[in-house]
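**Student:** Got a structure for you, questions after.
Each reported figure results from applying straightforward, stated rules to the coordinates on display, with no laboratory input. The shown structure was predicted, so the numbers you read here are calculated from the model rather than taken from an experiment. Backbone-built Cβ (ideal geometry, glycine too); neighbour counts: all protein chains shown.
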Amino acid sequence: MKKNKNVIIFSDSHDWHSNQLKKELKKLNCNVSCLSLDDCFIDTKRKKNIFIPGYKNNLPDGCIIRTIGKGTFQQITRRLTILHALKKLRVVLFNDINCIEKSTDKSMTTFLLSHKKINTPDTWVPEKIKIAKNILKKLNKEKNYAIWKPLFGSQGKGIKVIKNKKLKLNKEKVFYLQKFENKKIKSKDTWQDFRILVCNKKIIASMIRENKKKITNIGQGAKPLSFRINKEIKKISIRASKLVNASYAGIDIIKDINGNFKVIEINSVPAWKTLQKLTKKNIASILVKEFLTKIK
């Protein structure tokens, strides 16, 4: 590997994760810039047709994408265009834009999981509220209920458990409804799921997320627990990461009432701060070294 690679970390708010990546990149003699995607824009008067702060006549060797950032549909589309343009200009993206698009849109993720016969909960994504209410009505008759999630979201924000057909129209006018199948741990009176961090088709770290509430994200108050990963979870996690061609990914898995493991999400820009507390491995170092192998 050549020295002094020029690397950008893209995030709308550079936090602990950016700092960890920056520290590991600098150890390997990389020049690091911390930018946001809204700092960059298409400029056809420039040699490369793109403006990137600090890159007047050249391009970075690679970019690590931590967040796309909040914004309107047009803002998000424009930022994704920046990533598509960088890929076209042969800048290495970690993760690749195609991976990010497939996993950021939960409806596409679910379609791909189901299409490739990877276990995932029954899911419906209509726009019409009448159709959404009929789906909930049928679930109620079967003594089941649904989780409603924003198509684009993280940390459990905006997720609602819906036990009846009383569904209100939301501003996005999209209803991502997933059959709630998470098994309650009766001995503890808690719900739990599994977060598995995969890098280069290998398991890097894992944890159980346990909560008194049905929503088991760490951002919603869940507690992390260590556990020894079994062959079944390992297999389904690696299959899920391969599905979106992820260089690294956080795979969220539940265990249903029948004891089956099901993938509920694939995160292409996963956080690992909590996972880092449960492992002696230097996660940022592992990710950075994998990223740099992709730069020629």
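**Student:** At a Cα cut-off below 20 Å, give the aspartates and glutamates reachable from Lys70, other chains included and same-chain residues fewer than 8 away excluded.
**Tutor:** Straight-distance partners of Lys70: Asp12, Asp15, Asp38, Asp39, Asp96, Glu101, Asp105, Glu172, Glu265.
**Student:** Express as a percent, rounded to the nearest 5, the fraction of DSSP beta bridges in region 6-94 (both residues included) that run antiparallel. Kindly include the intermediate steps, with their values, before the conclusion.
**Tutor:** Values: 2 of 14 bridges.
The antiparallel proportion sits near 15 percent.
**Student:** I would also like to ask the following. Sorting Arg78, Arg90, Arg195, Arg228 on the 10 Å Cβ count, fewest up front, what's the list? Show your work: numbers first, answer last.
**Tutor:** Numbers: Arg78 16, Arg90 9, Arg195 26, Arg228 6.
The order, fewest Cβ neighbours first, is Arg228, Arg90, Arg78, Arg195.
**Student:** Hey, which of these cross-link pairs are over 31 Å Cα-Cα: Lys273/Lys294; Lys186/Lys289; Lys27/Lys201; Lys188/Lys242?
**Tutor:** Among Lys273/Lys294; Lys186/Lys289; Lys27/Lys201; Lys188/Lys242, the Cα-Cα distance tops 31 Å for Lys186/Lys289; Lys188/Lys242.
**Student:** What is the list of residues in region 186-206 whose amide nitrogen lies under 18 Å from a point 7 angstrom out from the Cα of Val161, following Cα to Cβ?
**Tutor:** What the label zone holds, given the 18 Å backbone N cut-off, is 186-194.
**Student:** Here's another thing I want to ask about it. Which lysines have a Cα less than 17 Å from the Cα of Lys48, not counting those fewer than 8 places away in the same chain?
**Tutor:** By straight Cα distance, Lys48 reaches Lys56, Lys87, Lys88.
**Student:** Given R₀ = 30 Å, FRET efficiency for Thr293-Lys231 by Cβ-Cβ distance, to 0.05?
**Tutor:** The computed FRET efficiency comes out at 0.65.
**Student:** Can you compute the FRET efficiency between Lys133 and Gln75 using 1/(1 + (r/R0)^6), with r the Cβ-Cβ distance and R0 = 45 Å? Round to the nearest 0.05.
**Tutor:** 0.90
**Student:** Could you sort out which of Lys137/Lys179; Lys214/Lys277; Lys106/Lys231; Lys133/Lys160 sit more than 18 Å apart by Cα distance in this structure?
**Tutor:** On the way: Lys137/Lys179 12 Å; Lys214/Lys277 24 Å; Lys106/Lys231 26 Å; Lys133/Lys160 15 Å.
Listed pairs above 18 Å: Lys214/Lys277; Lys106/Lys231.
**Student:** For a quick check, take a GNM of the chain with Cα springs below 10 Å and name the residue from Ala271, Ala205, Ala249 with the largest mean-square fluctuation.
**Tutor:** Ala271
**Student:** For His84 and Met108, FRET efficiency with R0 = 22 Å and r from the beta-carbon atoms, rounded to 0.05?
**Tutor:** E between Met108 and His84, to the nearest 0.05, is 0.85.
**Student:** Restricting to the chain, compute how many DSSP beta bridges are antiparallel as a %, nearest 5.
**Tutor:** 75
**Student:** What is the sum of charges around Pro224, taking Lys and Arg as +1, Asp and Glu as -1, for the other residues whose C-beta is under 9 Å from the C-beta of Pro224? If you can, show how the numbers build up before the last one.
**Tutor:** Details: positive: Arg195, Arg209, Lys223, Lys277; negative: Glu210.
So the environment of Pro224 carries a net charge of +3.
**Student:** Choose one of Val244, Ile233, Phe94: the residue whose Cα lies farthest towards the positive end of the charge dipole of the chain (beta-carbon charges +1 Lys, Arg; -1 Asp, Glu; about the Cα centre).
**Tutor:** Ile233
**Student:** Send over the semi-axes of the chain's equivalent ellipsoid, whole angstrom and largest first, taken as the square roots of 5 times the C-alpha gyration tensor eigenvalues. Before the final figure, lay out each step's value.
**Tutor:** Numbers: eigenvalues 248, 111, 47 Å².
Rounded to whole Å, the semi-axes are 35, 24, 15.
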